[in-house]
Amino acid sequence: MFRRYHHCVTSVEWPDNTLYSDLLPIAVDVDVFHLILECLPHADLLKITLASKFTREEATKELLMRPVRLLRNKNLRTFCRFALAGDPRRLSYLRNLTIEHIEKPFSSEDRETFADVLTRCTNLRKLELRWCDALLMEEHVVPEAISPLPNLTYLSAIMYKDSKESQTLLLRMVANMKSSLHSLHLPMIEDGLSKVEVLQDLVMVHGNLEEFTLQFSTFTAPGVTFSAVRDLHLTLEENVPRLRDLCSTFPSVRELSIDYHMHLGETPPDNTENSHLGDGSCWPSLDRLRASTSIIRILGIVCPVRRLDLGYYDSDLHDKIAETVSRLRPSKFTLNLYCAADWAAPRAHPSLLLHGSGDAGVRHLFVKTTFSSSRSPTTQDFMNCIHPLLLTARVELLHVAISELFTSDDPDEIVDPPMKVNPDVPTIDAEALAVDWAQACASIRTVAVTIALVGHTVWSVDRADGEARVVKLGAFEGRRVLDQEAQRCIQTSLLIINPGDSARGWGSYIMASIRKGTLERLLYSGIFVESAV
């Protein structure tokens, strides 16, 4: 319809003094037209704003409803002029705004203008401020405009200079907010956000937080509970906190991500053997855990984990990685590997994908392989890199992504990364990779290969006559099968608890689920517990 409408407007010879804005739009179903606009890429939406007054208004609304990212001072000023030039009420369509790298000089007039724009964004849900010191500091008109936003649920602010002054300003802005945040991300060094009194004040204003980022040197249980937090991101700077303190403060965590800034030469303690699920020092289970093997052992996390991401593989820690996977028993396992012709591949034994507790082990394996453009690997190098992992595995879904740098796990963002990457991608035969890996592991049903700047392909494995053959799926069918298989691997996971393997912790979890009336939902989600006690 857009093509037909644009053709009608541009192909007819109109009088020289006729403007697009003077033309009446052809009869269209507005709802259908909105659906078409939702499917158009950003560049086409900008073009269609030139067709007529009607298309300009509708396309502008669609542009504002999509995430808006403003990079540097010039783009911010241009956006403010655009926002205030037309009907300011259309700013109510803005839902998601990211502003990055606002530097000095930035005038008082520019701050006042942006503050005026913010006051009109009454339905803004998500606001990310990255390195915007010049926008927030000196004059406080912008923070004062952020606090009253009535529908803001997500706030992230990262500063160039993390000082006591900037921390005080941001904490005051958050404390004075009219809305109750669901996601808060304020990375602050020197325990800016982790002080007991700060956390006590925060829980009173934003007690419904579901996602929370906490960076600290030391952590003391504040004596309050953030019972709604499900997604917790921790950055540990110096000291390792007690896991018991984290669990008592954030008892409902389901997704945990941990970064640890370790000093060179430091050897942190290993607390794995001293941790016991049954004594309340760890969560009963986690849906997702992203952390290095070392930090998992430092903290003593031993609960079952559905999706485990250990970051980069370290051959020196192979045995500890295998032990960690066996202990946590994930259904999905994510690992980063560096691939090069002269780089050692992972060891095959002990297997990183078997749990050793009688269950099937890892069902969904996601490997993110990186490389250096100066040492470009071949198709055979990638085969050799993944092959040892599959020799004793029972993997059903294998997804391998290939990129020089990863900023996301989403196939679309890997193929078309949001940030500039090296365009020199090695020539890779994706089908040859799929065939080799399917033949290496008899349990594989689906193989997906995602190559940055090249494409994302999915193959279904056919073993009807005893030999592994791969069938390439179409784009839509491939994405559907990939999502379906990933969900199936999680839902059909069977977690078996042996007598000496933390059964008391799972028993208390089941009893708590019965008391809360959530056992039916637990069983429906596919987690079944079989205890030999």
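In this model, which of 74/126; 47/472; 161/368; 368/472; 61/420; 47/126 are farther than 30 Å apart at the alpha-carbon? Table pairs above 30 Å Cα-Cα are 47/472; 161/368. When 36, 490 are compared by accessible surface with a 1.4 Å probe, the order from highest to lowest is 36, 490.
Take the range 140-263 with all the other protein chains still there, run a 1.4 Å probe, and you get 42 Å² of accessible area per residue. Can you tell me which aspartates and glutamates have their Cα less than 13 Å from the Cα of residue 178? Leave out same-chain residues fewer than eight positions away. Cα-Cα hits under 13 Å: 144. Beta bridges per DSSP, both residues in the range 328-495: antiparallel share near 35 percent. Among 233-241, 282-290, sorting by the average number of other beta carbon atoms lying within 10 angstrom of each residue, highest first, gives 282-290, 233-241.
When the solvent-accessible area of the range 328-495 is split by element, carbon and sulfur atoms take up 51 percent of it, the probe being 1.4 Å. Residue by residue, what Karplus-based ³J(HN,Hα) values in Hz, rounded to whole numbers, does the range 193-210 have, using 6.51, -1.76 and 1.60 with θ = phi - 60° and x for Gly and Pro? Working through the residues one at a time gives 9, 9, 4, 4, 5, 5, 5, 5, 5, 5, 5, 6, 8, 10, x, 9, 4, 10 Hz.
Distance from the alpha carbon centroid of the range 337-377 to that of the range 446-472 works out to 18 angstrom. Near residue 434: Cβ cut-off under 15 Å, other residues only, Lys/Arg at +1 and Asp/Glu at -1. The net charge is -3. With a cut-off of 14 Å between beta carbons, the residues surrounding residue 115 carry a summed charge of -4, where Lys and Arg count +1 and Asp and Glu -1. Taking all protein chains into account, the per residue accessible area for the range 65-133 stands at 51 Å² (1.4 Å probe). Expressed as a whole percent, the accessible area of the range 106-199 that falls on carbon and sulfur atoms is 51 (1.4 Å probe).
Convex hull of alpha carbon positions in the range 169-247: directionally averaged projected area 4.7 nm².
For residue 49, neighbours were defined as the other residues whose beta-carbon sits under 12 Å from its Cβ, and their charges (Lys and Arg +1, Asp and Glu -1) total 0.
Each peptide in 392-403, 476-487 gets a packing score, the mean of other Cβ atoms within 10 Å over its residues, and the list from highest to lowest is 392-403, 476-487. In Å², and per residue, what accessible area does the range 328-495 have when probed at 1.4 Å with the other protein chains present? Counting only protein heavy atoms, the per-residue value for the range 328-495 is 43 Å². The simple Förster model, with R0 at 25 Å and r as the Cβ-Cβ distance, assigns residue 95 and residue 130 a FRET efficiency of 0.85.
The values are calculated or read from the model by the stated rules, or taken from the named source; none is laboratory data. These numbers were taken from a predicted model, which means no experiment stands behind them. Counting neighbours? That spans all protein chains shown, and the Cβs are built from the backbone with ideal geometry, glycine included. Only protein heavy atoms, including side chains, enter the accessible area calculation; ligands, DNA and RNA are left aside. Shrake-Rupley method; radii C 1.70, N 1.55, O 1.52, S 1.80 Å.
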